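Enquirer: Encoded as structure tokens, here's the structure I'll be asking about.
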Protein chains: 2
Amino acid sequence: MRRIVFVLVAVVALAGVVAHMVPASGQADKEAAPIFVTKIPPGYRDWRLISVAREEGSLNDIRAILGNDIAIKAYREGKLPFPDGTIIARIAWSCDASEENNKILGQPQSFVAGSPKNGVQFMVKDSRKYASTGGWGFAQFDDGKPADEAVLKTCFPCHQAIKARDLVFTRYAP
Amino acid sequence: MRRIVFVLVAVVALAGVVAHMVPASGQADKEAAPIFVTKIPPGYRDWRLISVAREEGSLNDIRAILGNDIAIKAYREGKLPFPDGTIIARIAWSCDASEENNKILGQPQSFVAGSPKNGVQFMVKDSRKYASTGGWGFAQFDDGKPADEAVLKTCFPCHQAIKARDLVFTRYAP
């Protein structure tokens with residue numbers, strides 16, 4: 001009986017190691033197809049603010065970048081690369097001229113967040129799981145639904161250019 | 001002895017009432033000079049996000065509006081007027097074109113938060129203490145120092161125009 005239990009434990013442990021070493025595709029980690037984040041990290045709207053930004057062009061939005069506790073701690077300590085468990089969220093809205101504000105302020109100057117736009121995006125750090133994309137899992141959710149793989153495949157090639165900051169565009173705004 | 005204690009309690013209680021009824025200036029509450037917030041609410045940079053905005057004109061900044069727990073709860077429940085204890089913070093930064101991002105994105109489109117700008121502002125709800133300014137205490141801190149009273153006196157006249165939302169410009173961004 002004791003021997004059977006030992007053999008079972010060994011098999012389960014080995015299966016775990018194999019699962020880590022060989023992705024479902026059967027390729028080695030380095031050449032693995034990118035894996036994307038498929039579930040919205042819960043509670044992200046309550047996370048603390050990293051920074052804000054405005055994108056013109058086809059994106060044409062105003063955005064906030066939020067981070068979970070691990071992200072905020074790493075940012076504030078200037079810790080790079082970001083540790084596993086870091087999650088960075090990007091929310092965006094239409095950048096609407098506020099007639100209401102402008103009327104009170106006496107001139108056209110005020111733009112506010114309007115409707116949600118360009119989905120909600122996430123970067124999830126797991127240096128092992130997402131090894132093929134620099135340790136980051138990328139995600140975009142449009143109305144709660146994950147974006148197509150074709151969309152997500154465009155994330156890494158761009159983010160890869162910010163190697164000096166571990167693939168993260170956004171700097172912390174004091 | 002019992003009588004002395006009773007008289008003392010009565011005097012203290014009366015003093016409390018008087019202190020509430022008559023501000024230091026000796027004026028009645030309704031005509032009182034505005035009272036401003038003189039201390040930075042601790043921990044505001046950790047508060048949750050209400051919304052973001054962009055102000056052009058002489059302000060020329062990009063900004064985030066954060067709220068303490070009471071503020072966020074009231075916003076999400078659509079509760080008006082805001083309850084006492086609500087604090088809303090406005091942080092702003094220069095709105096800087098990001099050459100780094102634009103180079104990667106292939107066109108000029110990206111603006112990011114640069115240096116802190118236009119101070120940090122607060123609205124603190126205390127319907128009794130700040131009765132003369134619609135229940136809101138206003139504050140601005142430039143490099144940690146409270147702004148002159150002349151600056152703070154410009155807050156209420158403008159905010160007064162947003163009566164329908166309890167003097168608060170910013171709407172919650174979902």
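Enquirer: Find the sum over both chains of the accessible area lost when A and B are paired, probe 1.4 Å, and report it in Å² to the nearest 100.
Expert: Numbers: alone 11400 and 11420 Å², together 19460 Å².
For chain A against chain B, roughly 3400 Å² becomes buried.
Enquirer: Set Lys and Arg Cβ to +1 and Asp and Glu Cβ to -1, take the dipole of segment B:89-165 about its Cα centre, and tell me which of B:Val112, B:Gln140, B:Asn102 lies farthest positive.
Expert: Toward the positive end, the furthest listed residue is B:Gln140.
Enquirer: May I pose another question? Using all C-alpha to C-alpha distances in segment A:77-174, build P(r) with 5 Å bins and read off the rounded percent in each one.
Expert: 3, 11, 17, 19, 15, 12, 9, 7, 5, 2, 1
Enquirer: Name the long-range amide H neighbours of A:Arg171: under 5 Å, sequence gap of 5 or more, or other chain; modelled H, no Pro or chain starts.
Expert: When sequence neighbours closer than 5 places are left aside, there are no close amide H contacts.
Enquirer: Enter the accessible area per residue of segment A:82-157 (Å², integer; probe 1.4 Å; all protein chains in place).
Expert: Accessible area per residue: 47 Å².
Enquirer: With all protein chains present, calculate the accessible area of A:Asp166 using a 1.4 Å probe and round the result to the nearest 10 Å².
Expert: About 20 Å², rounded to the nearest 10.
Enquirer: Shifting gears a bit: How much solvent-accessible surface does A:Ile70 expose, in Å² to the nearest 10, with a 1.4 Å probe and all protein chains in place?
Expert: Ignoring ligands and nucleic acids, A:Ile70 comes out at about 70 Å².
Enquirer: Work out the mean other chain Cβ neighbour count within 10 Å for the residues of B:54-63 and drop it here as an integer.
Expert: On the way: counts 12, 7, 7, 7, 2, 3, 1, 1, 8, 3.
For this peptide, the per-residue mean of nearby foreign Cβ atoms is 5.
Enquirer: As a quick test, which of the pairs A:Lys73/A:Lys153; A:Lys39/B:Lys125; A:Lys125/B:Lys39; A:Lys73/B:Lys129 have an alpha carbon distance above 30 angstrom in this structure? If you can, show how the numbers build up before the last one.
Expert: Working: A:Lys73/A:Lys153 28 Å; A:Lys39/B:Lys125 38 Å; A:Lys125/B:Lys39 38 Å; A:Lys73/B:Lys129 36 Å.
Going by Cα-Cα distance, A:Lys39/B:Lys125; A:Lys125/B:Lys39; A:Lys73/B:Lys129 fall outside the 30 Å limit.
Enquirer: Put a label point 7 Å from Cα along the Cβ direction on B:Glu149, then list its distances to the equivalent points in the other copies in nm, shortest first.
Expert: Computed spacing set for this position: 6.9 nm.
Enquirer: Show me, for segment A:118-123, the HN-Hα J-couplings you get by feeding each phi into the Karplus relation (A = 6.51, B = -1.76, C = 1.60, θ = phi - 60°), rounded to Hz, glycine and proline as x.
Expert: Values per residue, Gly and Pro as x: 6, x, 10, 10, 9, 10 Hz.
Enquirer: From the label point of A:Lys163, set 7 Å along Cα to the beta carbon, how far off in nm is each other copy's matching point, shortest first?
Expert: In nanometres, ordered from closest: 6.2.
Enquirer: Across peptide B:94-107, how many C-beta atoms of other chains are within 10 Å of each residue C-beta, on average? Please list the in-between numbers first.
Expert: On the way: counts 0, 3, 1, 2, 5, 0, 6, 7, 2, 1, 7, 6, 2, 3.
Mean inter-chain Cβ contacts per residue within 10 Å come to 3.
Enquirer: Hey, another quick one. In peptide A:110-117, how many Cβ atoms from other protein chains are near each Cβ within 10 Å, on average?
Expert: Numbers: counts 7, 6, 11, 12, 3, 2, 2, 0.
The mean count of partner-chain Cβ atoms within 10 Å per residue comes to 5.
Enquirer: Return the sequence-ordered ³J(HN,Hα) values of segment B:155-160 in whole Hz as given by the Karplus equation 6.51 cos²θ - 1.76 cosθ + 1.60 applied to θ = phi - 60°, using x for Gly and Pro.
Expert: Working through the residues one at a time gives 5, 4, x, 6, 4, 4 Hz.
The values are calculated or read from the model by the stated rules, or taken from the named source; none is laboratory data. Keep in mind it's a predicted model, so treat the numbers as computed, not measured. In this analysis, Cβ positions are derived from the backbone assuming ideal geometry, glycine residues included, and neighbour counts consider all displayed protein chains. Each accessible area value is taken on the protein alone, full model and side chains, heavy atoms only, with ligands, DNA and RNA left out. Shrake-Rupley method; radii C 1.70, N 1.55, O 1.52, S 1.80 Å.
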